[in-house]
Amino acid sequence: MNSTELTALLLLCTAMSFTPGPNNNLSTVLAVNFGLKRATHFVLSVALGWGLLLCLCASGIGALVVSLPPLRWGITACGIAYLLWLAWKLWHTHHLSPTHASHLEVTFRQGVMLQFLNIKAWMLALTVVAGWLAGRQDIANRFAVVLPIMLLFGLASNFTYALMGTLLRKWLADVEHGGRRLRWFNRSMATVLAATAAWMAML
């Protein structure tokens, strides 16, 4: 891989990883409601899930999925339903205590599976495969470079959003004001998740 290709890959990673999306939003939400340690579990699950997704796309399965409209629509529909379900739960979460917010937690397995329901993740993986891997004689060597870079950017971006959530956590607790700050934060993020689901529906 030459320097021009590597630079293009880094620019793509920066643009796609650090712009708001389902994973980044959930990293922030989980850090606010549960703290950095538990949000980090989700951050790691995103990296694992997307890495597996990239492997599938590199094997040719990704192109098959996208080329079959019913299958693509099924993935999109499941992803939309899951985001709306999370948005509904987030809308009704008003306290930071684990007892009140336990219904909102996303498990490690759910974090991994979310990547397979995120059509944006599929399109990114296919873009990377088409632009940097497909049809190249040194595909194995390229994959050994591309995968760590993509995973590193994914970890960095989601962890950055989780850190922001952690910094907001104490301010949003707002116990003396009846948790109004947290309530409005969660409702704002729920709206963002719902808007993301609507955007996915239009792809």
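From the list ILE80, ILE139, ILE75, ILE61, the one residue that fits, being modelled with pLDDT under 90, more than 30 Å from ARG181 (Cβ to Cβ), crowded, with 17+ Cβ neighbours inside 10 Å and among the β-branched types (Val, Ile, Thr), is ILE75. For ALA8, the conditions (1) assigned to a helix (DSSP H, G or I); (2) out of contact with any Gly (no Cβ under 9 Å at 6 or more places or on another chain); (3) surrounded by fewer than 17 Cβ atoms within 10 Å (Cβ to Cβ) are fulfilled apart from (2). Return a yes/no flag: does the range 12-33 have any residue that is on the phi > 0 side of the Ramachandran plot and surrounded by fewer than 21 Cβ atoms within 10 Å (Cβ to Cβ). The answer is no, given that none of the residues of the range 12-33 is on the phi > 0 side of the Ramachandran plot and surrounded by fewer than 21 Cβ atoms within 10 Å (Cβ to Cβ).
The values are calculated or read from the model by the stated rules, or taken from the named source; none is laboratory data. As the structure is a computational prediction, the values presented were derived from the model and not from experiment. Positions of Cβ are generated from backbone atoms using ideal geometry, with glycine treated the same way; all protein chains shown enter the neighbour counts.
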